[in-house]
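The values are calculated or read from the model by the stated rules, or taken from the named source; none is laboratory data. Just so it is clear, the model here is predicted, and its values are computed rather than measured. For neighbour counting, all protein chains shown are included, and Cβ atoms are generated from backbone atoms with ideal geometry for every residue, glycine included. The accessibility values were calculated without ligands, DNA or RNA, using every heavy atom of the protein model including side chains. Shrake-Rupley method; radii C 1.70, N 1.55, O 1.52, S 1.80 Å.
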Amino acid sequence: APLFLMFGKLFHVLIPFGDPGWRVNMWSVFASAASIWFLYSTTVMVIKNFRKSPIETLGDALTVFGSAFIAAAAYTFSDTFWFNAVESEVYASSSLFLAVIVWLIMKWNEKADEVGNEKYLMLIAYIIGLSTGVHLLAILAMFSIALIVYFRKYEFKWSSFFVMGIIAVVGFFIIYPGIVKWLPAYLAGHTPGRNDAQEYTLE
(Lines give C-alpha, C1' and ligand atoms only; values in the text may rest on other atoms or scores of the structure.)
Protein backbone atom coordinates (compact mmCIF):
# COMPACT_ATOMS: atom_id res chain seq x y z
CA ALA A 1 0.00 0.00 0.00
CA PRO A 2 2.57 2.61 -1.14
CA LEU A 3 0.23 5.62 -1.21
CA PHE A 4 -1.00 4.87 2.31
CA LEU A 5 2.61 4.75 3.50
CA MET A 6 3.31 8.09 1.82
CA PHE A 7 0.37 9.72 3.61
CA GLY A 8 1.45 8.11 6.88
CA LYS A 9 5.01 9.38 6.44
CA LEU A 10 3.69 12.88 5.70
CA PHE A 11 1.79 12.95 8.99
CA HIS A 12 4.79 11.43 10.77
CA VAL A 13 6.94 14.32 9.56
CA LEU A 14 4.46 17.17 9.99
CA ILE A 15 3.10 16.41 13.47
CA PRO A 16 5.76 17.57 15.95
CA PHE A 17 4.61 15.58 18.99
CA GLY A 18 3.59 12.04 19.93
CA ASP A 19 5.28 8.74 19.19
CA PRO A 20 5.71 7.69 15.52
CA GLY A 21 2.86 5.20 15.58
CA TRP A 22 0.43 7.78 16.96
CA ARG A 23 1.45 10.33 14.32
CA VAL A 24 0.97 7.86 11.47
CA ASN A 25 -2.38 6.86 12.97
CA MET A 26 -3.53 10.49 12.74
CA TRP A 27 -3.75 10.05 8.98
CA SER A 28 -6.48 7.45 9.52
CA VAL A 29 -8.26 9.86 11.87
CA PHE A 30 -8.10 12.64 9.29
CA ALA A 31 -9.19 10.34 6.45
CA SER A 32 -12.15 9.07 8.46
CA ALA A 33 -13.30 12.58 9.37
CA ALA A 34 -13.09 13.62 5.72
CA SER A 35 -15.02 10.49 4.70
CA ILE A 36 -17.88 11.47 7.00
CA TRP A 37 -18.00 14.97 5.51
CA PHE A 38 -18.21 13.55 1.98
CA LEU A 39 -20.86 11.06 3.13
CA TYR A 40 -22.92 13.90 4.58
CA SER A 41 -22.61 15.97 1.39
CA THR A 42 -23.43 12.99 -0.82
CA THR A 43 -26.51 12.17 1.24
CA VAL A 44 -27.71 15.77 0.90
CA MET A 45 -27.34 15.54 -2.89
CA VAL A 46 -29.15 12.19 -3.02
CA ILE A 47 -32.10 13.50 -0.98
CA LYS A 48 -32.31 16.64 -3.12
CA ASN A 49 -32.27 14.46 -6.23
CA PHE A 50 -35.23 12.45 -4.92
CA ARG A 51 -37.18 15.52 -3.77
CA LYS A 52 -36.99 17.37 -7.13
CA SER A 53 -37.97 20.57 -5.32
CA PRO A 54 -36.04 23.49 -3.75
CA ILE A 55 -35.52 23.89 -0.02
CA GLU A 56 -37.87 26.72 1.00
CA THR A 57 -38.97 26.15 4.59
CA LEU A 58 -37.40 25.16 7.89
CA GLY A 59 -39.15 21.81 7.60
CA ASP A 60 -37.54 21.25 4.20
CA ALA A 61 -34.11 22.08 5.64
CA LEU A 62 -34.60 19.73 8.59
CA THR A 63 -35.74 16.98 6.26
CA VAL A 64 -32.73 17.26 3.98
CA PHE A 65 -29.88 18.30 6.24
CA GLY A 66 -31.17 16.56 9.36
CA SER A 67 -31.56 13.26 7.55
CA ALA A 68 -28.06 13.57 6.09
CA PHE A 69 -26.65 14.37 9.54
CA ILE A 70 -28.31 11.30 11.07
CA ALA A 71 -26.96 9.11 8.26
CA ALA A 72 -23.43 10.46 8.67
CA ALA A 73 -23.57 10.18 12.47
CA ALA A 74 -24.85 6.60 12.31
CA TYR A 75 -21.93 5.63 10.07
CA THR A 76 -19.45 7.56 12.23
CA PHE A 77 -20.29 5.62 15.38
CA SER A 78 -20.71 2.22 13.74
CA ASP A 79 -18.35 -0.36 15.19
CA THR A 80 -16.34 -1.19 12.07
CA PHE A 81 -15.85 2.37 10.84
CA TRP A 82 -14.90 3.71 14.27
CA PHE A 83 -12.20 1.12 14.84
CA ASN A 84 -10.86 1.59 11.30
CA ALA A 85 -10.54 5.29 12.15
CA VAL A 86 -8.26 4.68 15.13
CA GLU A 87 -5.76 2.23 13.67
CA SER A 88 -2.79 2.62 11.34
CA GLU A 89 -4.37 0.57 8.56
CA VAL A 90 -5.50 1.16 4.99
CA TYR A 91 -9.27 0.92 5.55
CA ALA A 92 -9.87 4.52 6.61
CA SER A 93 -7.94 5.75 3.58
CA SER A 94 -9.91 3.39 1.36
CA SER A 95 -13.16 4.73 2.78
CA LEU A 96 -12.04 8.26 1.96
CA PHE A 97 -11.27 7.40 -1.66
CA LEU A 98 -14.61 5.67 -2.04
CA ALA A 99 -16.46 8.60 -0.42
CA VAL A 100 -14.75 11.09 -2.76
CA ILE A 101 -15.61 8.99 -5.81
CA VAL A 102 -19.28 8.70 -4.86
CA TRP A 103 -19.43 12.44 -4.10
CA LEU A 104 -17.90 13.24 -7.49
CA ILE A 105 -20.34 11.05 -9.42
CA MET A 106 -23.25 12.72 -7.66
CA LYS A 107 -21.73 16.13 -8.45
CA TRP A 108 -21.44 15.02 -12.08
CA ASN A 109 -25.09 13.97 -11.97
CA GLU A 110 -25.99 17.56 -11.06
CA LYS A 111 -23.88 19.07 -13.84
CA ALA A 112 -24.23 16.40 -16.54
CA ASP A 113 -25.94 18.81 -18.94
CA GLU A 114 -23.29 21.52 -18.61
CA VAL A 115 -20.30 22.01 -20.89
CA GLY A 116 -17.19 20.34 -19.50
CA ASN A 117 -19.01 17.87 -17.27
CA GLU A 118 -16.58 15.18 -18.42
CA LYS A 119 -13.91 16.59 -16.10
CA TYR A 120 -15.70 14.94 -13.16
CA LEU A 121 -15.56 11.54 -14.86
CA MET A 122 -11.89 12.02 -15.71
CA LEU A 123 -11.14 12.97 -12.10
CA ILE A 124 -13.01 9.88 -10.90
CA ALA A 125 -10.89 7.67 -13.18
CA TYR A 126 -7.73 9.33 -11.84
CA ILE A 127 -8.77 8.85 -8.21
CA ILE A 128 -9.63 5.19 -8.83
CA GLY A 129 -6.12 4.79 -10.21
CA LEU A 130 -4.62 6.46 -7.14
CA SER A 131 -6.75 4.37 -4.80
CA THR A 132 -5.10 1.16 -5.98
CA GLY A 133 -2.04 2.36 -4.08
CA VAL A 134 -4.08 2.07 -0.89
CA HIS A 135 -6.75 -0.60 -1.35
CA LEU A 136 -8.73 -2.13 -4.22
CA LEU A 137 -12.19 -1.36 -2.78
CA ALA A 138 -12.71 1.80 -4.87
CA ILE A 139 -12.56 -0.21 -8.11
CA LEU A 140 -15.96 -1.69 -7.22
CA ALA A 141 -17.45 1.80 -7.54
CA MET A 142 -17.16 1.38 -11.31
CA PHE A 143 -20.51 -0.43 -11.43
CA SER A 144 -22.33 2.32 -9.53
CA ILE A 145 -20.72 4.92 -11.79
CA ALA A 146 -21.82 3.02 -14.89
CA LEU A 147 -25.41 2.85 -13.60
CA ILE A 148 -25.57 6.55 -12.74
CA VAL A 149 -24.14 7.59 -16.12
CA TYR A 150 -26.52 5.25 -17.93
CA PHE A 151 -29.70 6.39 -16.19
CA ARG A 152 -28.64 10.06 -16.40
CA LYS A 153 -27.82 10.05 -20.11
CA TYR A 154 -29.89 7.28 -21.70
CA GLU A 155 -33.48 6.18 -21.77
CA PHE A 156 -33.94 2.76 -20.21
CA LYS A 157 -34.20 -0.17 -22.59
CA TRP A 158 -33.33 -3.74 -21.77
CA SER A 159 -31.00 -3.99 -24.76
CA SER A 160 -28.98 -0.87 -23.87
CA PHE A 161 -29.05 -1.81 -20.18
CA PHE A 162 -27.40 -5.16 -20.91
CA VAL A 163 -24.85 -3.46 -23.17
CA MET A 164 -24.00 -1.08 -20.34
CA GLY A 165 -23.62 -4.03 -17.97
CA ILE A 166 -21.30 -5.84 -20.36
CA ILE A 167 -19.18 -2.70 -20.84
CA ALA A 168 -18.94 -2.24 -17.06
CA VAL A 169 -17.86 -5.86 -16.50
CA VAL A 170 -15.30 -5.72 -19.33
CA GLY A 171 -13.96 -2.42 -17.97
CA PHE A 172 -13.66 -3.96 -14.52
CA PHE A 173 -11.63 -6.90 -15.82
CA ILE A 174 -9.40 -4.58 -17.86
CA ILE A 175 -8.55 -2.68 -14.68
CA TYR A 176 -8.55 -5.68 -12.36
CA PRO A 177 -6.89 -8.06 -12.83
CA GLY A 178 -5.55 -6.63 -16.11
CA ILE A 179 -3.85 -3.35 -15.21
CA VAL A 180 -3.54 -3.97 -11.47
CA LYS A 181 -2.14 -7.52 -11.52
CA TRP A 182 -1.16 -8.77 -14.97
CA LEU A 183 0.52 -5.67 -16.41
CA PRO A 184 2.94 -5.14 -13.47
CA ALA A 185 3.69 -8.87 -13.43
CA TYR A 186 4.42 -8.81 -17.16
CA LEU A 187 6.67 -5.74 -16.86
CA ALA A 188 8.51 -7.43 -13.99
CA GLY A 189 9.16 -10.47 -16.16
CA HIS A 190 6.76 -12.80 -14.35
CA THR A 191 4.12 -14.96 -15.95
CA PRO A 192 0.65 -13.77 -14.86
CA GLY A 193 -1.12 -16.39 -12.79
CA ARG A 194 2.01 -18.40 -12.13
CA ASN A 195 2.51 -19.61 -8.59
CA ASP A 196 5.12 -17.58 -6.71
CA ALA A 197 6.53 -20.75 -5.21
CA GLN A 198 7.23 -22.03 -8.74
CA GLU A 199 8.52 -18.64 -9.84
CA TYR A 200 11.17 -18.39 -7.16
CA THR A 201 12.17 -22.02 -6.65
CA LEU A 202 15.88 -22.21 -5.83
CA GLU A 203 17.92 -24.09 -8.38
Calc'd 3J(HN,Hα), segment 45-53, phi into Karplus 6.51 cos²θ - 1.76 cosθ + 1.60 (θ = phi - 60°), Hz, glycine/Pro = x, comes to 5, 5, 5, 4, 5, 6, 5, 6, 8
Provide Rg over Rh for segment 68-172; use the alpha carbon set for both Rg and the Kirkwood Rh (inverse mean inverse pair distance). 1.03
Whole-number accessible area per residue in Å² for the chain, which is evaluated in the context of all protein chains at 1.4 Å: 63 Å²
Count, lysine Cα pairs under 23 Å in the chain, 8 or more residues apart or across chains: 12
So what is Rg over Rh here for segment 1-78, counting just Cα atoms and using Kirkwood for Rh? 1.20
Sort 27, 22, 182 by accessible area with a 1.4 Å probe, largest first. 182, 22, 27
How much solvent-accessible surface does residue 152 expose, in Å² to the nearest 10, with a 1.4 Å probe and all protein chains in place? 70 Å²
How large, in percent, is the carbon and sulfur part of the accessible surface of segment 55-193 at a probe radius of 1.4 Å? 71 percent
For segment 105-160 the chymotrypsin sites (Phe, Trp or Tyr not before Pro) that pass both the DSSP coil test and the at-most-13 other-Cβ-within-10 Å test are 154, 156
Just from its helices, what would the mean residue ellipticity at 222 nm be for the chain, if runs of 4 or more DSSP H residues each count -39500 (n - 2.57) and the sum is divided by every residue, rounded to the nearest 500 deg cm²/dmol? -21500 deg cm²/dmol
Once all protein chains are kept in place, residue 157 shows an accessible area at probe 1.4 Å, nearest 10 Å², of 120 Å²
Run the 1.4 Å probe and let me know the accessible area of residue 17, rounded to the nearest 10 Å². 120 Å²
Please work out the Kirkwood hydrodynamic radius for the chain, using every pair of different C-alpha atoms, and report it in angstroms with one decimal place. 19.6 Å
